[in-house]
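The values are calculated or read from the model by the stated rules, or taken from the named source; none is laboratory data. Not measured: the values here are computed from a predicted model. Methodologically, a virtual Cβ is constructed for each residue, glycine included, from the backbone with ideal geometry; neighbour enumeration extends over all protein chains shown.
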Amino acid sequence: MTELLRPIGDGSVFGAVHLGYVVVQSNRLTDWRRFGVDAIGLHVDELDSNTVRFRLDDRACRFLIRRGSAEDVIALGWQVDDHEAFDRIIARVTARDVPVIEGTPEEAALRGVQRLWRFAGPKGIAQEIFTVPVTTPEPLRMQSSGWVTGEAGLGHVAILSREPETTRGYFHTVFDSRLSDYIDENISGLKMKIRFLRVNERHHSIAIAGLRGVKIDPIRTSVQHINIQSETLDDMLASFQRVTELGFRMQWSVGQHTNDRELSYYCVTPSGFELEVGWNPIVIGPELESTWEPTTYQGISIWGHTTVGETVLDKFAQFRQALRSAGTPEITVPELAGGLIR
């Protein structure tokens with residue numbers, strides 16, 4: 001990551017952190033393979049009967065799908081550029097008595113990294129950090145012409161939280177995230193505020209949504225969606241057509257967001273959380289970074305992003321999930337939610 005994005009001498013790791021990979025546990029590996037390869041257009045490597053990996057670039061792994069019953073994202077992997085930033089993150093976590101565990105060599109190999117360290121994250125999603133990814137010279141075999149990763153990382157993760165300020169505090173404490181902007185949205189009469197956090201030049205690597213005045217969560221999965229970014233508009237639209245033709249559920253039609261101006265659509269993965277495939281969002285490079293001020297936008301989209309095929313049964317299922325969630329405390333890591341150690 002360019003040093004221009006990293007403050008000098010203030011102990012910040014901003015600009016040195018990038019979303020590297022996503023780990024999913026699922027028993028629907030056949031569906032995941034068809035979804036990733038035939039619909040989205042990713043490169044696939046089937047390591048064994050229990051493991052599917054997807055590539056988007058020269059990294060050995062960007063999505064790891066391991067057999068298991070969760071049907072959910074269970075870990076996020078974050079690349080840290082240098083040992084100084086890595087040590088700073090580890091010190092912040094351990095100073096607050098949150099255990100840090102080194103991953104096994106097998107876990108590291110599956111994720112396409114040399115070594116990794118793991119600690120607890122919001123909503124039970126393990127946060128894993130590493131410094132050296134494994135790359136491969138093997139040519140990509142995929143329908144897409146390419147994906148935007150590099151300095152901006154893999155994409156972003158969106159979380160619906162009943163404790164949004166605590167979750168925001170976590171990523172500020174651990175990664176020095178910065179607030180890009182807010183979106184206020186009305187959904188079925190409920191007011192939702194979404195906080196968009198950046199850790200590098202990508203407009204946001206983390207989005208945190210919360211319902212104002214109501215601590216409910218209508219989503220079964222720990223993440224609402226994962227985002228990846230197409231290199232071209234043609235690639236994004238072609239994958240939209242394939243998803244539709246192959247019968248995978250489309251959640252939100254093509255539209256454009258108000259804040260980062262990304263064109264995108266949302267479809268439902270075999271595990272139930274959504275995948276956003278986007279194109280051409282704003283990049284907050286060094287010039288914009290120096291003058292950026294958070295703004296509150298009214299509504300998620302300038303145009304499009306209309307719901308597709310949602311039924312009364314879907315609404316009822318969300319209502320039942322919300323009722324269940326109200327009686328169960330959300331998993332947080334309060335030790336890491338309250339400011340920085342300098």
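Look through region 128-142, keep the residues that are in contact with a Lys or Arg (Cβ under 7 Å, 6 or more places away or on another chain) and assigned to a strand (DSSP E or B), and return whichever of them is farthest from Phe175 (Cα to Cα). That would be Thr135.
Among the candidates Ser271, Ser290, Ser264, Ser253, the residue that is closer than 19 Å to Ile206 by Cα and of a type in the set (Gly, Ala, Ser) is uniquely Ser264.
Each residue in region 24-40 was checked for being under 25 Å from Trp78 (Cβ atoms) and either crowded, with 23+ Cβ neighbours inside 10 Å or touching a helix residue (DSSP H, G or I) at 6+ places or on another chain (Cβ under 7 Å) (or both), and 5 pass. Of all residues in region 161-177, those that are touching a residue at least 12 places away in the same chain (Cβ under 8 Å) have Cβ atoms under 6 Å from Cβ atoms of residues that are of a type in the set (Phe, Trp, Tyr) and part of a helix (DSSP H, G or I), 6 or more apart or on another chain, in Ser177/Phe171.
Among the residues of region 90-106, which ones are free of Cβ contacts under 8 Å to residues at least 40 places away in the same chain and surrounded by fewer than 19 Cβ atoms within 10 Å (Cβ to Cβ)? Ile90, Thr94, Pro99, Val100, Ile101, Glu102, Thr104, Pro105, Glu106 - these are the residues of region 90-106 that are free of Cβ contacts under 8 Å to residues at least 40 places away in the same chain and surrounded by fewer than 19 Cβ atoms within 10 Å (Cβ to Cβ).
Of the residues in region 152-164, not one is outside the structural domain of Pro281 (by TED's automatic domain parsing), surrounded by 18 or more Cβ atoms within 10 Å (Cβ to Cβ), over 23 Å from Ile284 (Cα atoms) and modelled with pLDDT of 95 or more. The set of residues in region 193-217 that are at pLDDT below 95 and surrounded by fewer than 20 Cβ atoms within 10 Å (Cβ to Cβ) comprises Leu211, Arg212, Gly213, Val214, Lys215, Ile216.
Counting only residues that are among the β-branched types (Val, Ile, Thr) and without any contact (Cβ under 8 Å) to a residue 12 or more places away in the chain, region 132-160 holds 0 of them.
Where strands (runs of 3 or more DSSP E) fall entirely within region 170-275, those with at least 2 residues that are over 20 Å from Thr306 (Cβ atoms) are at 178-187, 190-198, 206-211, 225-230. Asp184 passes all but one of (1) surrounded by fewer than 23 Cβ atoms within 10 Å (Cβ to Cβ); (2) of a type in the set (D, E, K, R); (3) on the phi > 0 side of the Ramachandran plot; which number fails? Status for Asp184: all satisfied but (3). Does region 279-286 include one or more residues that are at pLDDT 95 or above, of a type in the set (Val, Ile, Thr), outside any loop (DSSP other than H, G, I, E, B) and more than 21 Å from the chain's Cα centre (by Cα)? No, region 279-286 contains no residue that is at pLDDT 95 or above, of a type in the set (Val, Ile, Thr), outside any loop (DSSP other than H, G, I, E, B) and more than 21 Å from the chain's Cα centre (by Cα).
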